[in-house]
Amino acid sequence: MTFNSASFVVQVVALLIVLAALHKPLGVYLARVFEGTTSSRPERLFYRLAGVDADTEQTWSVYLRSVLAFSAVSILAVFGLQRLQGVLPGSGSLPGVDPWVAMNTAISFVTNTNWQTYVPETTVGIFVQMTLLAVQNFLSAAVGIVVVVALIRGIARTRTQRLGNFWVDLARTSFRVLLPLAFVAAVLMVLGGVVQNFWFTEVTNQATGVSQLIPGGPVASQEAIKILGTNGGGYFNANSAHPFENPNALISFFEVFLLLLIPSALPYAYGRMVGDQKQGYTVAAVMGTLWLASISLMGWAVASGQGTATAAAGGLGEGFEQRFGPVPSAIFATSTTLTSTGAVNVAHDSLPPLAGGVAMVNMMLGEVAPGGTGSGLYGLLILSIISVFIAGLMVGRTPEYLGKKIGPTEMKLAAMYILVTPTLVLALSGITVLLPDIMANAPATGPHQFSEVLYAFTSGANNNGSAFGGITTSGPFLSVMLGLGMLLGRFLPIVLVIALAGSLARQGKIPASAGTVPTHGPLFGSLLLGVTVIMTALSYFPALALGPLAEGLLK
Amino acid sequence: MNILTGYLRQLGTALRFLLFATLVLGVAYPLAVFGTGQLIAPYQANGSILKDSSGAPAASALIAQAAADDSGAQDPRWFHARPSAVKWDPASSSATNLGPNDPKLLDAVAANRSAVAAAEGVDAAAVPADAVTASGSGLDPDVSPEYAKLQLARVAAANGLSTDAVAAMVEQYTSSGVVAFLGQPSVNVTALNLAVAAAARPSQPAQTK
């Protein structure tokens, strides 16, 4: 398979054009949803049924408690009902899911990770897929978005304890944003060949004598929100490489567009909500620059076709689908790891070593270009605060961000935020590689074995969900380790972000003075870009050197 | 006490929110997509099922359908699909997930190469990459135009058809236009084999080597 550079350039440019055209209308719509004050009649009915008092706003601690209570209940429900699969309808003859796998899967889908330690075809039936996993695809994406909305309100509001109402934000994001977009996307996917039915079809080829049971299921409805909500958990084991999830290169392009759509519109909504569009554009420019740099590197690394087995095969092919080939696979691989999606249309494990390395670096950046739904923007806003702090040190001024003083409290929260995932990734990988019995679950040899482990924990703690699939993680030890990585990698940052939102909202606004470092424009954008890249490099370079760099550079 | 009741109330709201959200997002939404799909695109929504000349469902246009024995060797009468980590079983789907430098992958590629070269009676160097590498899903219905051309003579002879006639069918089932530009040109082997069978049927007694 050859890398068609013209096709690559056309698709990258087309993605930029389409996203640039849509970021404003969607951003305006998002801001309107988050700033809305009235509820529709169905929403009021929903609030009454759910017991939500829609007219009161919450303090940061109550808002946070609601996030955590909702996520805890979701994890328990998804876990419990998977265990009961054997007696639930719509599950065929599948038994209850193994407890370790069910625990890992519940955490995985509630944290927007969608790491799949289970083989869907043989583990979960329509009931679990449709009413548990796909529902969490909506709700976990919505939780990410409402957390960044709370942070934006904290930045925009002054001298208040109130950050909004979590339940109302969650409902509006789910029903006014995700649901209509997912429905349109799902219908388009069906038109393109993605399956949506509730039965298997028996086919027999009289000439060859081959009989097959062609699978079915509510695939398109799940695929649409899996991608739109940057979730990534496949209806089938092969994920978006499966022809029923991703039947042709046009749908593949559409899926990449869809997974970038909301994260790339959120900066505009942010600019609008803080009343300064330049802020949104600076953030968007940093996201776009990182995406473009990463996708170029990925294109180069894939096109290199490095690897002894790849050379023996006479080119790329292992793990690729013929209808896609290297170009759609490189574009998908970059975009899925720069967001928190983690869906794959090519086996990442079989990519050339440096291409696998780019995928890992993308996640290690904290998935901020443009990142997961909500989580990408709050990640980059935290990095912005770190950047104004560093700029403040350089010019000897107290750092401010949009008129809010970045004092010791704010800095402690931001600093802890950026320490969480590197600590989790490196500690959990470090512990795992010391255990020979556990390492037997990654059957590769040499640096690639380390890469499989590092990729797993990078993916888990950053809530990505893609994998070097050679590793088997369904045993108790790795289920728990990855479960911990996903849980802490999701909720510790959320705790810190909402606490930060609370502390910013309490402050008054300081008028900008001559000493204020502007947080927009090319200068600040470059600083933010530099801080993001350097922070990642400092944290992860030694680990990367032992894995993908060793495999890709030492020959 | 106040804090405790506060927590309990949050948990109660969470449970009720989840329940009613599930009715909308986990029941009404997939059913709405199902209904719309069955209305406007039932062929795609039901798995792109291809029928044979008698009108019976014969294959899915999107799923590989290889006539292979237990060892994985494919029937020489038909166009062969790419190697599969799941033996083309649609009840599962997977790549091999072997690394690009993995010795096991190196062995598999070498074995596939000599098997294809022997089956087609060509030089090992003439075998294209997609013929010796396992696909991402294990269910890839497509091969490269090069691999299809390599198989042309064998399939034509086995079915008593002229190579020109089979070449025209290969052409017909080769992707073109936007999807070929965005991805790469591919030949749908599942649909192609059905076409070959339909053309061969009148004159061809069921003869397999």
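The values are calculated or read from the model by the stated rules, or taken from the named source; none is laboratory data. Nothing here was measured: the structure is a model prediction, and the numbers come from that model. Positions of Cβ are backbone-derived with ideal geometry, glycine not excepted, and every protein chain shown enters the neighbour counts. Protein only, heavy atoms only, side chains kept; ligands, DNA and RNA dropped before computing areas. Shrake-Rupley method; radii C 1.70, N 1.55, O 1.52, S 1.80 Å.
What the table shows:
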{"read-out": "Debye log10 I(q)/I(0) at q = 0.15, 0.22 Å⁻¹ for the stretch B:2-43, Cα point scatterers", "value": "-0.52, -0.71"}
{"read-out": "Kirkwood hydrodynamic radius of the stretch A:1-117, Cα pairs, Å", "value": "19.1 Å"}
{"read-out": "Tail weight of P(r) past 46 Å, computed on alpha-carbon pairs of chain A, percent", "value": "10 percent"}
{"read-out": "Per residue convex hull volume, Cα atoms of chain B, in Å³", "value": "209 Å³"}
{"read-out": "Residue order for A:Ile534, B:Ile49 - accessible surface, 1.4 angstrom probe, largest first", "value": "A:Ile534, B:Ile49"}
{"read-out": "25 °C / 0.890 mPa s Stokes-Einstein diffusion coefficient of the stretch B:11-130, Kirkwood radius on C-alpha pairs, µm²/s", "value": "130 µm²/s"}
{"read-out": "Förster radius 25 Å - calculated FRET efficiency between A:Ala537 and A:Leu292, Cβ distance, rounded to 0.05", "value": "0.85"}
{"read-out": "Estimated FRET transfer efficiency when R0 is 45 angstrom, pair B:Asp70-B:Ala32 (beta carbons, to 0.05)", "value": "0.55"}
{"read-out": "Computed over chain B: relative contact order in percent, which uses C-alpha pairs under 8 Å that are six or more apart", "value": "20 percent"}
{"read-out": "Count of lysine pairs in the protein assembly as shown with Cα separation under 18 Å (8 or more residues apart, or interchain)", "value": "6"}
{"read-out": "Virtual spin-label span in nm between A:Trp300 and B:Lys51, 7 Å along Cα→Cβ", "value": "5.4 nm"}
{"read-out": "Exposure of A:Trp167 as accessible area (Å², to 10), given a probe of 1.4 Å and all protein chains", "value": "10 Å²"}
{"read-out": "Distance in nm between pseudo-label sites at A:Leu16 and A:Arg397 (7 Å out along the Cβ direction from Cα)", "value": "3.2 nm"}
{"read-out": "Rounded Å value of the spacing that divides the Cα centres of the stretch B:20-44 and the stretch A:534-555", "value": "45 Å"}
{"read-out": "Chain B: calculated mean residue ellipticity at 222 nm from DSSP helix runs of at least 4, using -39500 (n - 2.57)", "value": "-14500 deg cm²/dmol"}
{"read-out": "For A:344-352, mean number of other protein chain Cβ atoms within 10 Å", "value": "5"}
{"read-out": "Accessible heavy-atom area order of A:Asp349, B:Asp52, highest first, probe of 1.4 Å", "value": "B:Asp52, A:Asp349"}
{"read-out": "CD proxy at 222 nm, helix term only [per DSSP H run n ≥ 4: -39500 (n - 2.57); per residue of chain A; nearest 500]", "value": "-21000 deg cm²/dmol"}
{"read-out": "Residue-span extension gain [A:Leu523 to A:Ala545] - 0.36 nm each, minus C-alpha spacing", "value": "4.8 nm"}
{"read-out": "Cβ neighbours within 10 Å from other chains - mean over B:102-110", "value": "6"}
{"read-out": "Segment A:Gln206-A:Leu76, length gained on full extension (0.36 nm per residue, minus Cα span)", "value": "41.9 nm"}
{"read-out": "Sequence-separation-based contact order of the stretch B:2-83, relative, with Cα cut under 8 Å and 6+ spacing, percent", "value": "12 percent"}
{"read-out": "Candidates B:Gly47, B:Gly160, B:Gly55: whichever shows maximal mean-square fluctuation once chain B is modelled as a Gaussian network with Cα springs under 10 Å", "value": "B:Gly55"}
{"read-out": "Computed E for B:Asp123/B:Leu8 - FRET, C-beta separation, R0 56 angstrom, nearest 0.05", "value": "0.15"}
